[in-house]
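Structure record follows, encoded as structure tokens.
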Amino acid sequence: MSKLLDPFRYNYGFRFRETPSFEIAHLKGIGWENVINEQYNHVGLSRGDKPICLFQYTLSGKGTIRIRDQMYSLTPGMAFIVWIPSDHHYYFSDANEHWEFLYISMCGEKLYPTYEEIVSKIGNVVSFPADSGVIRTVKSIFEKAKQREISDGFLASSYAYRFIMELYRSAVHPDTQSEIPEYINNAVNYIELHYGTIGNLDEMADISGVSKHHFLRQFKKYIGFTPLEYLNKLRIENAVELLRTTEMTLDSVAQSVGFANGNYFSKVFRQWVGIAPGKFRQEDSLNAADNLYIK
């Protein structure tokens, strides 16, 4: 069988004498490879590495992994996460043309409980869109390594922690890994452009082109807020900017961002920010950040 691609291997390992004593995770290695022969064969219980966590993501081609008594085909978009040593075996079969993948490996005394929790939520084998936060993070760290920008143990730990947190976020909020439907994106764009004048939920649902019930359910699934929550979130974020940069009255701010009156604006503001808008304007400590993002 002809090979689709020539083999290549871009791997970067990290060994620093000085690392944080409190580190949760430390970056051990990262790489981008394309393998085309059966020499790529790793048995998890026979490797001499000190305990590490390995995440490997298939970009193209195909590989195989056995985890305990379960076999998995690793096709594009599929990733596995394993602890070394443990009962697993991943390999390239010559029956396939090639296996191109990204990987990141980490170590750390405090990493194993986090690894166990993530695996309990998503399993050892999971799919990720190529543009998901998890895969973008691996690619970003790879580029940092390629440019020789990971220059000490503290940076290596920070990048490992960044990846672990992105992976953990995907486990806690799995829907954030799914591609957002176009009709939801259209509604979001409309809300962001017209938050000050939108009248009601029907107006937002009409933009989506689907039924109101379906729109409500899918918007919450993909955006994490109901449409009205998201509308109020945008209104409050923009009200914060007006409170900080203008001397507009509270009623004027309220009407500018789409609230009918100052009383209702104050009620919603307290729900999102925790204090009244007038007090917020007076609090110098809150002005340290240029923008306030509400979650």
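The values are calculated or read from the model by the stated rules, or taken from the named source; none is laboratory data. Since this is a predicted model, take the numbers as computed values, not measurements. Ideal geometry is used to build each Cβ from the backbone, glycine not excepted, and the neighbour counts take in all protein chains shown.
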Open item on the list: Considering only residues that are assigned to a helix (DSSP H, G or I) and closer than 22 Å to Ala254 by Cα, which ones fall in segment 203-235?
Closed with: Glu203, Met204, Pro227, Leu228, Glu229, Tyr230, Leu231, Asn232, Lys233, Leu234, Arg235
Task: Complete set of residues in segment 125-156 that are touching a helix residue (DSSP H, G or I) at 6+ places or on another chain (Cβ under 9 Å), in contact (Cβ under 8 Å) with a residue 24 or more places away in the chain and not hydrophobic (A, V, I, L, M, F, W, C) - done: Ser127, Pro129, Ser132, Gly133, Thr137
- [ ] Go through Ala171, Ala205, Ala239, Ala254 for me and flag whichever is among the small types (Gly, Ala, Ser), closer than 30 Å to Ile122 by Cα and surrounded by 17 or more Cβ atoms within 10 Å (Cβ to Cβ).
- [x] Ala171
Open item on the list: Yes or no: segment 236-248 includes at least one residue that is within 25 Å of the chain's Cα centre (by Cα) and at pLDDT below 90.
Closed with: yes
Task: Leading residue by the ranking (nearest to the chain's Cα centre (by Cα)) among those in segment 125-153 that are acidic (Asp, Glu) and within 20 Å of Phe16 (Cα to Cα) - done: Glu143
Open item on the list: Quick check on Tyr112: is it crowded, with 17+ Cβ neighbours inside 10 Å and closer than 30 Å to Phe101 by Cα?
Closed with: no
Open item on the list: Going by what's in this entry, would Ile122 be described as surrounded by 14 or more Cβ atoms within 10 Å (Cβ to Cβ), in contact with a helix residue (DSSP H, G or I) (Cβ under 7 Å, 6 or more places away or on another chain) and touching a residue at least 60 places away in the same chain (Cβ under 8 Å)?
Closed with: no
TODO: Given the conditions (1) within 23 Å of Leu74 (Cβ to Cβ); (2) crowded, with 16+ Cβ neighbours inside 10 Å, report the number of the one that Lys144 does not fulfil.
DONE: (1)
